[in-house]
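These notes are about the structure you will find just below.
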Amino acid sequence: MNLKHFFSRQTINCISRFNCRILSHYRTASTITSFSSSNSPLISPYRNPRYPKPLYFFGNFIHSAQASKPSDSGSDAENESEEDETMNEFLSRFVWIMRGKLTEVYVDYDKNTIDGMLLIIVGTVVSEMEKGGLEQMLGGAAATPSQDFSEDLWKTVWEVSNVVLDDMDKARKKEKMKAFLQSEEVKEMYRFAGEVGVRGDMLRELRFKWAREKMEETEFYQKLERLRKEDARAREEGNETVSKKSVTANKEAFDSDYVVAEEKPKVVSLPKRHGKIKYKIYGLDLSDPKWAEVANKIHETGEILWPQEPKPVSGKCKLVTEKIISLQEEDDPVPLLAEWVELLQPSRVDWINLLDRLKEQNTHLYLKIAEVILSEDSFQTNMRDYSKLIDAHAKENRLQDAERILKKMNDNGILPDILTTTIMVHMYGKAGNLDRAKEAFESLKNQGFQPDMRVYNSMITAYVNAGRPNLGETLMREMEARDIKPTNEIYMGLLQSFAQRGDINGAQRIATTMQFAGFQPTLESCTLLVEAYGQVGDCDQARNSFDHMIKVGHQPDDRCVASMIAAYEKKNLLDNSLNLLLRLETDGFEPGVATYSVLVDWLGKLQLIDEAEGLLGKIAEQGETPPVKVHISLCEMYAKAGAEKKALQALGIVEAKKDELRPEEFERVITGLVDGGFLQDAERVQGLMEARGFATAERLRVSLSSAKALRSKRPTIKKF
């Protein structure tokens with residue numbers, strides 16, 4: 001853009017020639033204006049650093065042009081003062097930018113000539129602004145360019161004006177932002193952010209963000225208030241116009257029809273309604289019949305969400321209620337419940353209120369009465385009532401009571417749903433009833449339910465308790481295939497089951513799978529591996545597992561050391577076990593009951609009675625009671641040695657704890673008694689074994705029959 005083409009050469013020469021005369025005339029005009037230079041905001045230096053030198057002659061020119069406008073009132077003066085301030089700021093910014101543009105183009109001209117150009121431009125701009133305001137001038141500028149300037153010059157003037165308006169708007173928002181930055185709400189959020197740990201640039205950005213949002217919110221509500229006032233003003237003006245018209249029309253009608261009105265009085269009535277009333281809310285026609293159905297459904301839903309309150313209990317009914325709550329578990333609640341029903345006529349909410357009070361007072365009585373009222377019609381029994389009772393009995397290990405509730409449910413034609421079947425899987429798995437647990441598990445699958453972690457855990461526990469860890473491992477692989485990660489409890493349960501059965505391969509598979517699953521070897525898992533190898537007599541692998549446990553940072557406890565010595569016992573490696581104990585004792589290990597029990601059993605098998613009794617004294621020094629395994633070893637040792645009195649004491653303790661014995665332990669006691677010649681006692685122990693449901697091995701039967709044939713003359717130990 002070349003500004004040299006904006007002005008003609010003749011215009012520039014005239015400006016140079018008459019510049020002094022214009023300025024002198026300007027000073028003369030400014031002295032006779034009503035605005036003194038000291039009071040005018042344009043005369044005061046402009047504060048913005050971008051425009052440090054306002055044009056004083058230009059400000060006086062504007063004031064001189066506006067001095068002839070009289071003020072009608074104080075408010076008009078204030079409005080004019082505000083407009084003057086805005087106009088002053090606009091013109092100061094405008095002159096500053098235009099001076100720079102003219103100076104860049106007309107480098108050879110002096111300051112007075114440039115001032116003359118600015119004077120002509122500003123005078124034209126002010127005259128345009130006085131015609132219709134600043135915004136109107138800028139809006140119509142492109143369509144109606146001034147005849148005083150060329151099209152390019154006029155275009156430049158509007159571009160500069162738009163830039164000035166943008167700068168003024170930014171400055172206004174900046175000043176408003178300063179006020180909102182210091183508002184109490186923003187400062188409170190700023191303090192809170194600082195307390196929670198926000199610092200630096202992020203805290204500063206958040207403060208500006210909150211201030212900007214507060215400013216936008218305030219401007220929005222101010223705009224709404226302004227629109228409301230404008231609307232109210234428009235309505236008032238419209239009402240005044242309508243009222244004036246109505247008064248005029250009424251007066252004319254009264255003058256013309258006065259005589260007719262005297263003869264025929266006017267009858268006022270409401271207009272007749274045609275059709276049905278339509279109720280519309282937010283565009284919905286609520287007169288449609290379908291909304292009546294919706295209202296009914298809402299009412300029914302409200303009854304479910306906000307159930308009725310229980311009926312107030314008073315008088316005789318209150319006494320009966322207290323009697324029901326004070327019942328004992330062995331009492332029959334049916335008569336009192338029948339009387340209570342007759343007095344109160346309860347609904348379901350009344351029954352639930354009574355059951356809640358019973359549950360707080362006596363859990364067993366609650367279960368008993370809850371089972372009784374399942375048959376009450378007013379209770380409105382549903383599936384959840386049955387499942388809650390089954391779950392409560394299952395948690396207390398009352399298998400028979402839970403099955404009785406289940407039978408009642410089936411008799412009433414209610415089939416177990418997924419939740420009830422899941423409870424059954426947990427119950428039978430915990431009780432060790434593998435067949436019923438499998439039946440419930442298959443029922444879940446047939447209903448389309450994908451077993452979750454808890455169901456798998458219960459089923460695997462059932463297989464473990466039944467001594468079938470291989471099937472449990474199959475379920476574990478199924479879990480892994482479905483991306484369900486087995487828990488540490490599942491792995492440890494399977495590992496323990498394999499270890500107790502002496503299944504080395506199974507135990508090693510589980511241990512390896514645990515490591516791949518992210519579970520590091522623990523003292524318990526390493527001990528179980530040592531026990532597994534000890535069960536089969538593989539003392540070398542047991543020792544490797546034992547040393548690996550120490551290597552990974554676990555210190556062996558009494559049980560782990562006992563398992564390692566038991567592995568050496570299988571091979572009768574007494575020297576290795578003693579060397580292990582000596583090495584561990586130097587590291588600070590002290591043998592406990594488990595280690596001494598294994599040594600007593602080992603020495604008893606070797607018939608080293610004095611040494612075994614010495615270790616027995618070590619157990620007594622620790623203040624612990626010897627376990628049943630020690631008494632079995634002592635019974636076998638004393639019976640084979642013919643020590644009748646001591647054998648009698650040991651056998652009496654074993655018989656007292658017969659419910660804790662396993663089949664192999666029964667066989668060991670019987671074998672010791674047969675070898676010692678105590679046939680009658682051996683037969684009695686055999687009877688105890690068969691009473692427990694354990695079958696006697698054929699080898700033991702043959703041995704007992706052979707001993708009877710030989711008619712041993714050794715004395716019989718009587719039952720103590």
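Here are the numbers:
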{"read-out": "Net length gained if the chain between residue 680 and residue 343 were fully extended (0.36 nm per residue, minus Cα distance)", "value": "114.5 nm"}
{"read-out": "Carbon and sulfur %, accessible surface of segment 451-515 computed with the full protein complex present, 1.4 Å", "value": "44 percent"}
{"read-out": "Spin-label model distance (nm) - residue 447 vs residue 222, 7 Å beyond Cα toward Cβ", "value": "6.6 nm"}
{"read-out": "Computed E for residue 206/residue 412 - FRET, C-beta separation, R0 41 angstrom, nearest 0.05", "value": "0.05"}
{"read-out": "For segment 320-331, Karplus couplings with θ = phi - 60° (6.51, -1.76, 1.60), whole Hz, Gly/Pro x", "value": "5, 4, 5, 5, 5, 5, 8, 5, 8, 5, 7, 6"}
{"read-out": "Per-peptide average of other Cβ atoms within 10 Å, ordering 427-434, 460-467, 553-560 highest first", "value": "460-467, 427-434, 553-560"}
{"read-out": "Highest average packing first - 118-129, 174-185, Cβ atoms within 10 Å", "value": "118-129, 174-185"}
{"read-out": "Relative pair counts by distance (%), Cα atoms of segment 428-552, 10 Å bins", "value": "13, 42, 29, 12, 3, 0"}
{"read-out": "Spin-label model distance (nm) - residue 517 vs residue 587, 7 Å beyond Cα toward Cβ", "value": "2.8 nm"}
{"read-out": "Equivalent ellipsoid semi-axes - Cα gyration tensor, segment 518-616, angstrom", "value": "24, 15, 11"}
{"read-out": "Near-label residues of segment 204-232 by backbone N, under 19 Å of a point 7 Å along Cα→Cβ of residue 195", "value": "204, 206-207, 210"}
{"read-out": "Whole-angstrom gap from segment 151-173 to segment 594-646, using each part's C-alpha centre", "value": "109 Å"}
{"read-out": "Cα convex hull of segment 538-694, projected area averaged across orientations, nm²", "value": "10.0 nm²"}
{"read-out": "For peptides 152-161, 699-708, 336-345, 667-676, sequence by mean Cβ density within 10 Å, most packed first", "value": "667-676, 152-161, 336-345, 699-708"}
{"read-out": "Cα centroid of segment 494-572 to Cα centroid of segment 307-347, whole Å", "value": "60 Å"}
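The values are calculated or read from the model by the stated rules, or taken from the named source; none is laboratory data. Because the structure is predicted, anything quoted here is derived from the model rather than measured. Please note: Cβ atoms are built from the backbone with ideal geometry, for glycine as well, and neighbour counts cover all protein chains shown. Note: accessible area is taken over every heavy atom of the protein model, side chains too, but ligands, DNA and RNA are not part of it. Shrake-Rupley method; radii C 1.70, N 1.55, O 1.52, S 1.80 Å.
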